[in-house]
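Remarks on the structure that follows.
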Amino acid sequence: MTDVDLVGRALELGTTYFKSEDFFKASQLFTKAIELARSYSDEELENLRLRSGLPKRCVNGQGKPWHPKYVKLLDNRAASWEKLGKLDKALKDAKNMIRIEPHNLKCYIRCGKILQKLNKDKEAYSNYSQGLKMAKEGYQTYGISVPQKFINIIQTQKQSIKKRHGREQIEKPETSLKRRYIEPAVDSPVMVKTMKKVTKHMGLDFI
């Protein structure tokens with residue numbers, strides 16, 4: 001049995017343990033598979049990705065190849081950590097998923113779900129918004145398809161967070177603070193010039 005077969009076998013077996021609710025064994029198997037997937041050289045990973053019908057390198061600007069099943073393994077392990085109540089570990093895996101595949105909406109769904117369980121609704125809302133933005137970029141720039149069901153899930157979660165906290169609080173939590181900080185020096189010509197530059201880049205209206 002080759003290393004590639006071992007990664008796939010560990011993924012399948014871990015999934016079986018997960019479905020039978022043995023989340024500890026599932027997490028152990030996913031961890032072993034992740035370690036194995038990380039042990040390949042870049043050349044081996046590139047060849048493996050090509051045989052799987054994928055480009056040599058991930059489309060994320062980091063210029064690094066990853067095992068074709070790597071993000072799936074992270075997702076499954078994050079789900080196992082989540083079931084075990086180890087939310088910090090689950091969040092770390094979810095953020096690594098986004099780092100590797102920033103145009104994959106499923107990564108943002110996993111991350112947002114964990115953030116909400118950690119009572120970090122504002123961060124979750126921002127995560128969902130960024131996910132939609134990156135998915136749109138991935139489709140327009142690289143032709144990466146976006147499953148409508150993932151879009152629906154994210155939109156539903158965003159609406160749920162808005163209902164709990166209010167749109168203004170979630171989308172513009174720091175605007176009033178920035179106004180109070182900038183306005184005292186508004187008469188300064190230097191500050192006026194600086195404000196114009198900030199407004200141009202940030203899209204904020206200080207009037």
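The values are calculated or read from the model by the stated rules, or taken from the named source; none is laboratory data. Keep in mind the model is a prediction, meaning the values are calculated, not measured. No Cβ is skipped: glycine too gets one built from the backbone with ideal geometry, and neighbour counts run over all protein chains shown. All accessible areas refer to the heavy atoms of the entire protein, side chains included, with ligands and DNA or RNA removed. Shrake-Rupley method; radii C 1.70, N 1.55, O 1.52, S 1.80 Å.
State the number of residues belonging to region 65-122 that are open to solvent by less than 20 Å² (accessible area, probe 1.4 Å), closer than 22 Å to GLN140 by Cα and of a type in the set (A, V, I, L, M).
3
I'd like to check something: does region 23-32 contain any residue that is assigned to a helix (DSSP H, G or I), at pLDDT 95 or above and within 26 Å of ASN152 (Cβ to Cβ)?
No, region 23-32 contains no residue that is assigned to a helix (DSSP H, G or I), at pLDDT 95 or above and within 26 Å of ASN152 (Cβ to Cβ).
Based on this model, can you work out whether TYR125 counts as crowded, with 20+ Cβ neighbours inside 10 Å, of a type in the set (Ser, Thr, Tyr) and within 9 Å of the chain's Cα centre (by Cα)? So that I can check it myself, show each step before the final result.
Numbers: crowded, with 20+ Cβ neighbours inside 10 Å: yes; of a type in the set (Ser, Thr, Tyr): yes; within 9 Å of the chain's Cα centre (by Cα): no.
So TYR125 does not fit the description; no.
In region 130-157, what residues are of a type outside the set (A, V, I, L, M, F, W, C) and open to solvent by less than 40 Å² (accessible area, probe 1.4 Å)?
Those that are of a type outside the set (A, V, I, L, M, F, W, C) and open to solvent by less than 40 Å² (accessible area, probe 1.4 Å): GLY131, GLY138.
With the structure loaded, tell me whether ARG57 is assigned to a helix (DSSP H, G or I) and among the basic types (Lys, Arg) or whether it fails that test.
On the way: assigned to a helix (DSSP H, G or I): no; among the basic types (Lys, Arg): yes.
When the stated conditions are applied, ARG57 does not pass them.
Name the helices (runs of 4 or more DSSP H) wholly inside region 70-144 in which the number of residues that are farther than 17 Å from ILE154 by Cα is 3 or more.
So the answer is 70-83, 87-100, 121-142.
Restricting region 33-44 to residues that are outside any loop (DSSP other than H, G, I, E, B) and either of a type in the set (A, V, I, L, M) or free of Cβ contacts under 8 Å to residues at least 12 places away in the same chain (or both), which is surrounded by the most Cβ atoms within 10 Å (Cβ to Cβ)?
ALA33
Filter region 1-18 for residues that are within 24 Å of the chain's Cα centre (by Cα) and not aliphatic (A, V, I, L, M); which is most open to solvent (accessible area, probe 1.4 Å)?
GLU12
Only residues in region 132-157 that are touching a residue at least 60 places away in the same chain (Cβ under 8 Å) count as the first member; pair them with residues that are part of a helix (DSSP H, G or I) and surrounded by 13 or more Cβ atoms within 10 Å (Cβ to Cβ), Cβ under 8 angstrom, at least 6 apart or cross-chain, and list the lot.
ILE144/ALA135; ILE144/GLY138
Please go through region 33-88 and give me each residue that is under 21 Å from the mean Cα position of the chain (by Cα), closer than 23 Å to LEU13 by Cα and charged (D, E, K, R), ordered by number.
GLU35, ARG38, LYS69, LYS72, ASP75, ARG77, GLU82, LYS83, LYS86 - these are the residues of region 33-88 that are under 21 Å from the mean Cα position of the chain (by Cα), closer than 23 Å to LEU13 by Cα and charged (D, E, K, R).
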